[in-house]
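**Q** Submitted below is the structure of interest, expressed as structure tokens.
The values are calculated or read from the model by the stated rules, or taken from the named source; none is laboratory data. The structure presented is a predicted model; accordingly, all values stated were derived computationally and were not measured. Here the Cβ positions follow ideal geometry from the backbone for every residue, glycine too, while neighbour counts run over all protein chains shown. For the accessible areas, the whole protein counts, side chains as well, though only heavy atoms, and no ligand, DNA or RNA atoms are used. Shrake-Rupley method; radii C 1.70, N 1.55, O 1.52, S 1.80 Å.
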Amino acid sequence: MLYNFIPYSKFPKLVANIPFFHFVHTAKKHYRTTPFPYIHMFLSLFSSTNHGPHSYLDSDSSTTNSTSHLVETENSYDANDGFAKMGFNFSNAHCQVYSDGFSDEVEESDEERGQGNSSFTDRNQGAKMDEDWRRIEIHEDEFRHPLVREICRLIECRSAWNHKHEGKMRHLLRGLKPRLVCAVLLSQSDERVALDFFYWSDRQWRYRHYPIVYCVMLDVLSKTKLCQGARRVLRLMARRGIQRGPQDFCCVMVSYSRAGKLRNAMQVLTMMQKAGIEPNLLVCNTAIHVLVMANRLEKALRFLERMQLLGIMPNVVTYNCLIKGYCDLHRVEDAMELISEMPLKGCSPDKVSYYTVMGFLCKNRRIREVRDVIEKMEDTKLLADQVTYNTLIHMLSKHQHADEALQFLREAQKRGFQVDKVGYSAIVDSYCKEGRMDQAKEIVNEMFTRGCIPDVVTYTAIINGFSQAGEVGQARKMLQQMYKHGCKPNTVSYTAFLKGLCQKGNSSEAREMMKASEEQWWTPNAITYSVVMHGFRREGKLSDACDVVREMIGKGFFPTPVEINLLIQSLCRIGRVDEAKKFMEECLNMGCAVNAVNFTTVIHRFCQQDDIEAALSLLDDMYLSNKHPDAVTYTTIIDALGKKGRIEEATELTLKMLKKGIDPTPVTYRTVIHRYGQIGRVEDLLNLLDKMLTRQECRTAFNQVIEKLCTFGNPEAADKLLGKVLRTASRIDANTCHVLMESYLRKGIPLSAYKVACRMFSRGLIPDLKLCEKVCKKLMQEGKSEEADNLLLRFVERGNISSHCLQHSQTE
């Protein structure tokens with residue numbers, strides 16, 4: 001594979017994974033090093049409806065800050081950042097989240113680290129170099145360099161590392177040139193592994209990364225959600241005295257955007273200001289792109305106005321980002337209007353502008369409008385060419401509109417354009433995903449007649465289609481035909497076939513084929529092992545599934561926390577909780593990304609089996625493994641303790657949770673209220689709720705207490721809390737009062753129910769009429785006719801019932 005490193009001075013593919021959008025390099029510019037005083041003009045556009053220049057997304061803060069266990073694991077790294085954890089395993093098995101992406105405690109000074117080998121001396125001087133080092137390209141021969149291949153091999157064997165391996169890695173690192181270090185980073189299939197190698201090598205004695213290595217690392221991280229790592233690399237550049245450019249900050253901004261943290265992405269502008277770097281058109285385009293991807297189109301438009309006030313004029317990339325924003329919001333008419341206005345603003349649209357609109361229309365199968373857009377594009381002397389038709393074919397095929405894609409293929413052929421095997425393969429894949437295998441085979445036959453020989457991608461699509469349809473025999477024949485036509489199946493081809501075998505319940509056969517992979521000259525990957533593992537899991541052969549995971553780890557592939565949790569759940573479901581715990585600990589020791597969810601799953605099963613001591617022990621193990629429990633973990637154990645009547649221990653654990661800074665969830669409130677109300681510990685419950693409410697507000701907490709006390713037949717205690725509920729006088733509060741009134745009626749105390757209704761009237765709440773009629777009947781039976789008449793009279797005063805109805809009820 002030929003991989004050309006993208007020069008950062010050009011940075012044309014900042015968002016390479018986003019179709020049709022490319023950031024184009026403008027004229028070269030020397031940036032001032034004085035602080036840019038106008039950043040606040042960008043940020044102030046968000047403060048008009050919020051509380052300050054940095055609170056423009058306060059309404060979304062809860063969403064952006066509440067990440068799941070999986071995201072937290074992906075964005076977490078060990079504080080030591082080295083291979084020295086767990087037998088020199090540099091995976092993120094033991095990790096902690098950096099609050100700011102950088103920790104001074106883990107950084108050694110340059111004097112402590114030494115001044116390195118000869119290459120480091122040159123690198124230290126390179127901190128003040130111009131940007132020529134950003135133009136270094138990584139070529140195929142560097143990826144195949146023996147040193148690069150040996151280091152990659154050692155990294156793949158990291159689960160079995162020891163001191164000898166680390167010494168060998170240090171020795172190889174000293175002989176690596178900067179371009180070879182970049183090749184090692186780019187060769188890693190898992191970006192987290194690349195980041196850990198970057199950290200480890202940076203901490204070695206007498207070694208410093210060349211500036212281009214930092215830029216390559218930022219480029220890799222910009223394609224992931226590892227935003228904390230990207231920010232830390234950026235700050236390491238400042239610590240090492242390496243000159244940072246706007247494109248480096250753009251990488252961090254895009255990484256934050258991918259992680260769904262829009263607030264942090266936009267605050268990178270403030271980081272630029274503090275670094276004395278003036279934003280240019282690239283930075284503004286990146287900011288607009290980030291806002292568009294977060295569906296903040298209006299703010300993107302306001303950002304456009306502010307950048308123009310500062311003399312930064314938009315280009316076609318800027319407008320293409322906005323066009324995509326309009327399309328994402330289904331405002332195609334506005335997108336076309338913007339395209340028509342672009343020439344008036346001194347910027348003519350390009351084909352990408354039109355392709356963006358076509359992509360949205362293809363997704364929604366609006367073919368007639370697609371043709372209208374093509375006509376408008378050709379009116380501007382942008383003629384539809386082979387790229388146009390290939391784009392339409394791929395967009396339609398991607399959204400399973402194979403028939404319409406085939407129409408454009410025929411049209412392209414009529415106009416003399418040659419459709420290659422990539423276009424045919426896209427249509428074949430679309431037909432296969434729809435289960436229309438006959439049409440897919442017709443397209444393949446047509447490819448042969450036109451001299452367009454199908455490649456491994458085409459065959460793999462057909463194999464996958466047969467496998468999904470349950471026709472494993474046909475998929476097997478297709479594998480054999482590949483060899484006959486001189487097309488060697490690859491890992492993806494075999495994985496698709498193995499998936500079909502597993503879905504048919506033949507996971508054992510799939511595993512045997514995987515073991516014989518070397519004879520067939522193919523190598524299983526992480527997905528292959530996952531397919532076989534899930535096959536065994538669905539068949540209930542959990543021991544075989546665990547063995548596949550162990551084999552997978554031995555080959556240098558690691559299951560995700562979700563896959564680990566599915567297997568743990570399956571073991572717990574059939575009562576093999578001890579085996580589930582052992583398997584989880586085994587994965588943890590071998591460097592897998594075990595997270596708090598996996599621990600909580602095992603703890604939950606221990607609690608279900610009333611083995612609370614084992615659950616508490618596992619909770620302690622979480623802290624020892626640097627896996628911090630969350631509110632779900634604590635709530636599970638609190639509920640189990642309360643169920644067993646160990647209420648003091650439950651209280652202690654709840655206070656410990658609050659002390660750890662963990663906010664209680666609504667489930668936590670319900671659990672605590674239920675267990676305390678069940679045994680009548682009202683005062684202790686109220687004291688605990690006060691402490692919980694200082695951490696996390698729960699508006700219905702006292703409503704739940706009243707309703708739970710009524711459920712357990714203690715309305716008198718519930719009545720004492722009614723004043724806390726009636727402060728807001730909402731519909732929820734009215735329902736709570738109704739529950740209390742019904743509880744009094746069940747206990748034969750209608751006078752207390754009457755008093756609750758009167759308190760509701762005094763707070764502007766209207767009690768339920770039918771319920772009050774029941775109260776009146778009970779009062780009449782007890783000879784309290786005055787209270788009954790007074791209650792009904794209040795309804796008459798508010799127009800809820802007529803005086804005639806009142807007289808009729810009184811006569812009854």
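**Q** Which FRET efficiency value, to the nearest 0.05, is calculated for Glu586 and Thr694 with the Förster distance at 45 angstrom and r the Cβ-Cβ distance?
**A** 0.65
**Q** So what is the orientation-averaged projected area of the range 449-591, using the convex hull of its C-alpha atoms, in nm²?
**A** 9.1
**Q** Would you please calculate the Kirkwood hydrodynamic radius of the range 161-203 over all C-alpha pairs and express it in Å, rounded to one decimal? Kindly include the intermediate steps, with their values, before the conclusion.
**A** Values: mean 1/r = 0.0917 Å⁻¹.
Result for the range 161-203 stands at 10.9 Å.
**Q** If you don't mind, there's one more thing I want to ask. Computed over the Cα atoms, what is the radius of gyration of the range 283-370 divided by 2.2 N^0.38 Å, N being its residue count? Show your work: numbers first, answer last.
**A** On the way: Rg = 12.7 Å, N = 88, 2.2 N^0.38 = 12.1 Å.
After normalising by residue count via 2.2 N^0.38 Å, the value is 1.05.
**Q** Related question: Taking the alpha-carbon set of the range 232-315, what are its Rg and Dmax in Å?
**A** 12.8, 39
**Q** Is the C-alpha gyration tensor of the range 315-418 telling us rounded, prolate or oblate? Criteria: a/c under 1.5 is rounded; beyond that, a/b larger than b/c is prolate, otherwise oblate.
**A** oblate
**Q** If you roll a 1.4 angstrom probe over the protein chains with everything in place, what fraction of the accessible area of the range 333-445 belongs to carbon and sulfur, to the nearest %?
**A** Summing carbon and sulfur atoms, their accessible area is 48 percent of the total for the range 333-445.
**Q** Please tell me the relative contact order of the range 196-288 in percent, rounded to the nearest whole number, where contacts are Cα pairs under 8 Å and at least six residues apart. If you can, show how the numbers build up before the last one.
**A** Working: 96 pairs, mean separation 22.6, N = 93.
The value is 24 percent.
**Q** A further question follows. Give the Cα extents of the range 531-612 along the principal axes, in whole Å, largest first.
**A** On the principal axes, the range 531-612 reaches 38, 26, 16 Å in Cα extent.
**Q** Would you mind working out the accessible area per residue for the range 495-622, using a 1.4 Å probe, and quoting it in Å²?
**A** I get 40 Å² per residue for this part.
**Q** Per residue, how much accessible area does the range 659-726 have with a 1.4 Å probe, in Å²?
**A** Per residue, the range 659-726 has an accessible area of 48 Å².
**Q** Per-residue HN-Hα couplings for the range 387-394, Karplus 6.51 cos²θ - 1.76 cosθ + 1.60 at θ = phi - 60°, whole Hz, x for Gly and Pro?
**A** Running phi through 6.51 cos²θ - 1.76 cosθ + 1.60 with θ = phi - 60° gives 5, 4, 5, 4, 5, 5, 4, 5 Hz.
**Q** From the phi angles alone, apply the Karplus equation (6.51, -1.76, 1.60; θ = phi - 60°) to the range 323-335 and give each ³J(HN,Hα) in whole Hz, x where the residue is Gly or Pro.
**A** Listing the rounded values in order: 4, 5, x, 4, 5, 4, 9, 6, 10, 5, 4, 5, 5 Hz.
**Q** With no solvent and one point on each alpha carbon, what is the Debye value of log10 I(q)/I(0) for the range 707-807 at q = 0.12, 0.15, 0.20 Å⁻¹?
**A** With one equal scatterer per Cα and no solvent, log10 I(q)/I(0) is -0.36, -0.56, -0.98.
**Q** Another question about this same structure. With every protein chain present, what is the per residue accessible area of the range 160-226 (1.4 Å probe, Å²)?
**A** 36
**Q** Follow-up question, since we're still on this one. Which of the aspartates and glutamates could a cross-linker bridge to Lys421, judged by Cα under 18 Å and excluding same-chain residues fewer than eight apart?
**A** Of all the aspartates and glutamates, those that pass the test against Lys421 - Cα under 18 Å, at least 8 places apart if same chain - are Asp385, Asp403, Glu404, Glu411, Asp429, Glu442, Glu446, Asp455.
**Q** Sequence gap at least 6, Cα distance under 8 Å: using those rules, report the relative contact order of the range 368-519 to the nearest whole percent.
**A** 15
**Q** Still on this structure: When ranked by the protection proxy of mean other Cβ atoms within 10 Å per residue, highest first, what sequence do the peptides 614-622, 322-330 form?
**A** Ranking, from highest mean packing down: 322-330, 614-622.
**Q** A further question on this structure: Can you list the lysines whose alpha carbon sits under 27 Å from that of Lys777, skipping same-chain ones fewer than 8 residues off?
**A** Candidates past the 8-residue exclusion: Lys708, Lys720, Lys747, Lys755.
**Q** Using only the alpha-carbon atoms of the range 466-520, report the extent along each of the three principal axes, biggest first, to the nearest angstrom.
**A** Extents along the principal axes: 31, 25, 15 Å.
**Q** While we're on this one: Under 21 Å Cα-Cα from Lys324, which lysines qualify once same-chain neighbours fewer than 8 residues away are excluded?
**A** The qualifying lysines are Lys13, Lys223, Lys261, Lys299, Lys345, Lys351, Lys363, Lys376, Lys398.
**Q** Which ³J(HN,Hα) values in Hz, rounded to whole numbers, follow from the phi angles of the range 242-249 under the Karplus curve 6.51 cos²θ - 1.76 cosθ + 1.60, where θ = phi - 60° and Gly and Pro get x?
**A** 8, 5, 9, x, x, 5, 5, 5
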